[in-house]
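A short write-up of the structure that comes next.
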């Protein structure tokens, strides 16, 4: 005669009986599991958030990843001339060159003026460098625009917000030759309009202005941004430029190093969270053991009524997996909710201080699904031994123990 096993829905209904009989104990067990899961989510979300913040600042455009910053070593006192740029354009691995000239200068706005550092670039500079203003926008080709730093804005008595975007600015650039002797200064042909502000307070007073709106071309360039044709030729191009005596740095190197460091930080944070999870898993295991010892007589009755060893085992596993699942859901609510609350608080604070809001805690969707699966698995592991003991317990033994 075939055995009649308990259906899944029956096991589910019976497993909730423990929730009704021992509500406080069950709630505390699930809460402990939730705190452990929440700690893992909270700390790992912090690690992911730090990665996105740092790497997001390093990589703002796709072109910047395959762009090399090229300059001569400062000790040899060599600068890059237009003739050298023309020779470099002949290298087949190079797709684009964006020269950068840096000289001291004077900025004027109405009756206010001040000494600053001027960075003279083409409009392609923003795309290949990844630089972008925090307030406003980059100037485009043939657009009489200027980008200034926060310290330059303070020098001109501009508030660090959008209020003064579009304000007219005039520049005098104090050109020098390679030996440091002053040359005839360059001036902007027409007033430039303030397009954006970089709010980084660590930057000195600088202004980024377009080269085609200056009446005299810079006598030389401090560095070049050289974009490779594609990622495959980047290393070859680096070697070619190195052989020509250039110092080379690339954003992709910074990104790679940043990822390595931040991955280590994320792992360390995750270890702290896993420690809390292990403690909560031990608490769940203890609850299941106590539950088994309290229900030995009940197991005997169930088996006397015809329940098989498999039914009894599945009942205990169902209870533990349900507690694990609910602990996982509670952990997601605690971990993600805590991160959202801190993100909101930081955004409000940073906005009031005039900064650009960002999310410090970022939780990938896949990790939420993964942590729910892990919580169910932990529940099954915690309930395995009690379920096994209950499955092999005979009705006679159960009644004798009672």
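The values are calculated or read from the model by the stated rules, or taken from the named source; none is laboratory data. Quick caveat: nothing in here was measured; it's all calculated off a predicted structure. Positions of Cβ are generated from backbone atoms using ideal geometry, with glycine treated the same way; all protein chains shown enter the neighbour counts.
Residues that are surrounded by fewer than 18 Cβ atoms within 10 Å (Cβ to Cβ) and at pLDDT 85 or above: find the helices (runs of 4 or more DSSP H) completely inside the range 287-402 holding 2 or more of those.
Working: elements: 296-304, 309-352, 365-391, 395-401.
By residue number, 309-352, 365-391.
Quick grid of which residues meet (1) touching a residue at least 40 places away in the same chain (Cβ under 8 Å); (2) in contact with a helix residue (DSSP H, G or I) (Cβ under 8 Å, 6 or more places away or on another chain); (3) buried (at least 19 other Cβ atoms within 10 Å of the Cβ):
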residue: 40; (1), (2), (3): yes, yes, yes
residue: 79; (1), (2), (3): yes, no, no
residue: 102; (1), (2), (3): yes, no, no
residue: 114; (1), (2), (3): yes, yes, no
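Can you say whether residue 93 is surrounded by fewer than 20 Cβ atoms within 10 Å (Cβ to Cβ) and farther than 21 Å from residue 65 by Cα, as far as the supplied structure shows? Spell out how you get there, then give the answer.
Values: surrounded by fewer than 20 Cβ atoms within 10 Å (Cβ to Cβ): yes; farther than 21 Å from residue 65 by Cα: no.
For residue 93, the condition - surrounded by fewer than 20 Cβ atoms within 10 Å (Cβ to Cβ) and farther than 21 Å from residue 65 by Cα - is not met.
Scan the range 160-202 residue by residue and report those that are part of a helix (DSSP H, G or I), in contact with a strand residue (DSSP E or B) (Cβ under 8 Å, 6 or more places away or on another chain) and surrounded by fewer than 15 Cβ atoms within 10 Å (Cβ to Cβ). I'd like the intermediate steps shown before the answer.
Applying the first criterion (part of a helix (DSSP H, G or I)) to the range 160-202 yields 162-164.
Applying the additional criterion that residues be in contact with a strand residue (DSSP E or B) (Cβ under 8 Å, 6 or more places away or on another chain) yields 162, 164.
Of everything in the range 160-202, just one residue is part of a helix (DSSP H, G or I), in contact with a strand residue (DSSP E or B) (Cβ under 8 Å, 6 or more places away or on another chain) and surrounded by fewer than 15 Cβ atoms within 10 Å (Cβ to Cβ), namely 162.
With (1) more than 31 Å from the chain's Cα centre (by Cα); (2) surrounded by 15 or more Cβ atoms within 10 Å (Cβ to Cβ); (3) on the phi > 0 side of the Ramachandran plot as the list, and residue 130 as the residue in question, which single condition is left unmet?
Residue 130 satisfies all of (1) more than 31 Å from the chain's Cα centre (by Cα); (2) surrounded by 15 or more Cβ atoms within 10 Å (Cβ to Cβ); (3) on the phi > 0 side of the Ramachandran plot except (1).
Hey, does the range 224-238 have a residue that's in the same structural domain as residue 110 (by TED's automatic domain parsing), under 20 Å from residue 100 (Cα atoms) and in a helix (DSSP H, G or I)?
yes
Conditions: (1) closer than 30 Å to residue 156 by Cα; (2) part of a strand (DSSP E or B). Residue 217 meets all but one. Number of the miss?
The single condition residue 217 does not satisfy is (2).
Answer with yes or no whether residue 108 is in contact (Cβ under 8 Å) with a residue 60 or more places away in the chain, over 30 Å from residue 68 (Cα atoms) and out of contact with any helix residue (DSSP H, G or I) (no Cβ under 9 Å at 6 or more places or on another chain).
Working: in contact (Cβ under 8 Å) with a residue 60 or more places away in the chain: yes; over 30 Å from residue 68 (Cα atoms): yes; out of contact with any helix residue (DSSP H, G or I) (no Cβ under 9 Å at 6 or more places or on another chain): yes.
Here the answer is yes, as residue 108 does meet what is asked.
If you scan the range 224-250, which residues turn out to be closer than 25 Å to residue 179 by Cα and under 30 Å from the mean Cα position of the chain (by Cα)?
Across the range 224-250, the qualifying residues are 224, 225, 247, 248.
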